[in-house]
1. Select from G11, T197, G53 the residue farthest towards the positive end of the dipole of the chain; place +1 on Cβ of Lys and Arg, -1 on Cβ of Asp and Glu, and compute about the Cα centre.
2. Counting alpha carbon pairs within less than 8 Å and at least 6 residues apart, what relative contact order, in whole percent, applies to the chain?
3. May I ask you to give the solvent-accessible area per residue for the range 25-172, in square angstrom, as obtained with a 1.4 angstrom probe?
4. Return the label of the correct value of mean projected area of the Cα convex hull in nm², as calculated from the structure shown, out of [x] 18.0; [y] 16.4; [z] 20.8.
5. Would you mind telling me the share, in percent, of accessible area of the chain contributed by carbon and sulfur at probe 1.4 angstrom?
6. Any chance you could tell me what percent of the C-alpha pair distances in the range 83-126 go past 17 Å?
7. With all protein chains present, calculate the accessible area of L45 using a 1.4 Å probe and round the result to the nearest 10 Å².
Amino acid sequence: TITFSNGIYNGNLHVTKAQAGVQITVTDGAISDSSNAFTVQPADLDHFKVEAGGGGAIGDQVAGTAFNILITAQDAYNNTVTTYGDGGETVDISDSTGTITPATSGAFSGGVRTESVTITQAQAGVQITVTDSTGGLGTGSETGVSNAFDVDPGVLTQFVFTTQPTDPSTAGANIPVVIEARDSNGNLITSYNNNATISDTTGTVYESAEGDTTITFSNGIYNGNLHVTKAQAGVQIT
């Protein structure tokens, strides 16, 4: 609503949506008139929108597997700042695990950038943050944060003894060990609840009973007792 005084309105209007061919219309009942058509350009860079490569929320990812994100430079009204990139502007990229690569994006074009990123640490509730790289169109302080998503471990590639057998051990006595199932980036695979087979250089390593060479993992971890019945130096359990 605008208010006339002595038949005249003399004031300031503003439009928040960037668009070409905008016309302003004034109406009172059946009487109306429209302005000339003009272009509304985006305001200055205010923040970035960070979403999945095809748009929308970023879904769960697998540690060590690359995926695309879409970064859009926007003004305070969420218009795309199409000039961001004309000077080769980039953003710095970080995440809550501290393992995302690359650390800096490629140059934007028309205010947008699709970037392939990789996160190697599995973690729930990960968020990606981008910040205007200094020396470009922005001030170096403009940021954007993605939605929270989970990064799940990759496939099983290794077992790791996190508690090693005691040295020396006595033949037939319990040897407490902890073994973890991990992916190629060292992430614990909490979904691994499988059986695995143990062996050793004496050929006499067993689990709960003599002759039992199978151990069972729970949430990616085996925490139990093994025993070796043959006395020997330099024994290794596999």
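1. Farthest towards the positive end: T197.
2. On the way: 548 pairs, mean separation 33.4, N = 238.
RCO, the chain: 14 percent.
3. Values: 7610 Å² over 148 residues.
Spelled out: the 1.4 Å probe surface of the range 25-172, per residue, equals 51 Å².
4. Checking each listed value against the structure points to [z].
5. Working: 6080 of 13230 Å².
C and S fraction of accessible area: 46 percent.
6. Values: 375 of 946 pairs.
Pairs farther apart than 17 Å: 40 percent.
7. 20 Å²
The values are calculated or read from the model by the stated rules, or taken from the named source; none is laboratory data. Everything quoted here is computed from the prediction, not taken from an experiment. We place every Cβ from the backbone using ideal geometry, glycine too, and count neighbours over all the protein chains shown. Remember, those area values only see protein heavy atoms, side chains included, never the ligands or the DNA or RNA. Shrake-Rupley method; radii C 1.70, N 1.55, O 1.52, S 1.80 Å.
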